[in-house]
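The values are calculated or read from the model by the stated rules, or taken from the named source; none is laboratory data. Everything numeric in this text was worked out from a predicted model, so none of it was measured. Virtual Cβ from ideal backbone geometry, glycine too; neighbours counted across all protein chains shown. The protein model used for the area step is the full one, side chains on, heavy atoms only, and it has no ligands, DNA or RNA in it. Shrake-Rupley method; radii C 1.70, N 1.55, O 1.52, S 1.80 Å.
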Amino acid sequence: MASLLRLFGSNPKTDSGEAQGSKPEPRREVLNLGGGSEVLHIPRFVEREKAWEWFELLDKGIPWTRPTIRVFGRSALQPRETCYVADQGLTDLKYSGHQPHAHTWDEFPVLKNILKAVHDALPGSNFNSLLLNRYNAGSDYVSWHADDEPLYGPTPEIASVTFGCERDFLLRKKPAKSQAASGSREAARKRPKVSSTPQQHSFLLKHGSLLVMRGYTQRDWQHSLPKRAKAQSPRINLTFRRVLA
Ligand SMILES: O=C(O)CCC(=O)C(=O)O
Ligand SMILES: [Fe+2]
């Protein structure tokens, strides 16, 4: 995987960390997933102390809830706490049979500061909604999914900022649409066999890190944050998204 990582920031001024009068740009890693999908990772996006300050404000100031969702036809408590913030007048978000209440940005001034930092790091971005997650311990998780709801359009940019306990974030290629239904048995026999091991990547998302999924990542890949017995402290994650129209 390392060979796929293009390391940015090779400017000696930024690498030495001592550009005169300006802060060094944090290191950026770009993982090209192929097929027009890409992940950008900035491990030290928010400086440590600032990130703890933001963690505390979010931990205490956000009205976290643990909604009941529907998965495979059954009701269950969502395995993490959540909150949703969005510009007014946007199409409502709905996932797993649940429609979260859209809070306004004005209710939580800290979110405007975080949003500004994200916009500054990602030229051309213009996020108008935010899904927040709070994982109380390693037993909280998010299962395999893609944020491919139509309201985000075909190639959404999703910017994910992490505070608190570091956790593994996994990406796996969606299985190719089965061709078994079409074509004859003979055609299937002649078709070259594809490897049964799905392509997978793993990122350790640290306190203060930013991870951005772009291009066709939501169409062609899934992501998850698995349970981790050793993770004993809370993690807060913010995913900024743009709802179209
Ligand atoms: O917590 C994370 O890092 C990911 C959250 C996520 O995938 C989501 O809210 O859609
Ligand atoms: Fe997601």
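W52 contributes about 90 Å² of solvent-accessible surface, heavy atoms of the protein only, 1.4 Å probe.
The peptide list 117-125, 72-80, put in order of mean Cβ contacts within 10 Å with the highest first, becomes 117-125, 72-80. Put a plus charge on the Cβ of each Lys and Arg, a minus charge on the Cβ of each Asp and Glu, and nothing anywhere else: the dipole of the stretch 51-118 about its Cα centre is then about 380 debye.
The stretch 32-176 gives an Rg/Rh value of 0.93, both radii derived from C-alpha positions and Rh following Kirkwood.
Residues D59, D140, D87, sorted by accessible area with the largest first, give D87, D59, D140 [1.4 Å probe; ligands and nucleic acids excluded]. For the pair L170 and D106, a Förster radius of 41 Å applied to the C-beta separation gives a FRET efficiency near 0.70, rounded to the nearest 0.05.
What does the charge count near L33 come to, summing +1 for each Lys or Arg and -1 for each Asp or Glu among other residues with Cβ under 9 Å from its Cβ? Taking every Cβ under 9 Å from that of L33, the sum is -1.
Between the alpha-carbon centres of the stretch 99-143 and the stretch 199-231 there is a gap of 16 Å. If a spin label sat at a point 7 angstrom from the Cα of A117 along the line to its beta carbon, the backbone N atoms of the stretch 124-165 nearer than 15 Å would be those of 159-165.
Treat every Asp and Glu Cβ in the stretch 199-245 as -1 and every Lys and Arg Cβ as +1, leave all other atoms uncharged, and give the resulting dipole magnitude about the Cα centre to the nearest 20 debye.
Working: 9 positive and 1 negative charges, 28 e Å.
It comes to approximately 140 debye.
Taking a point 7 Å from the Cα of N126 along the Cα-to-Cβ direction, the residues of the stretch 148-172 with backbone N closer than 17 Å to it are 152-159.
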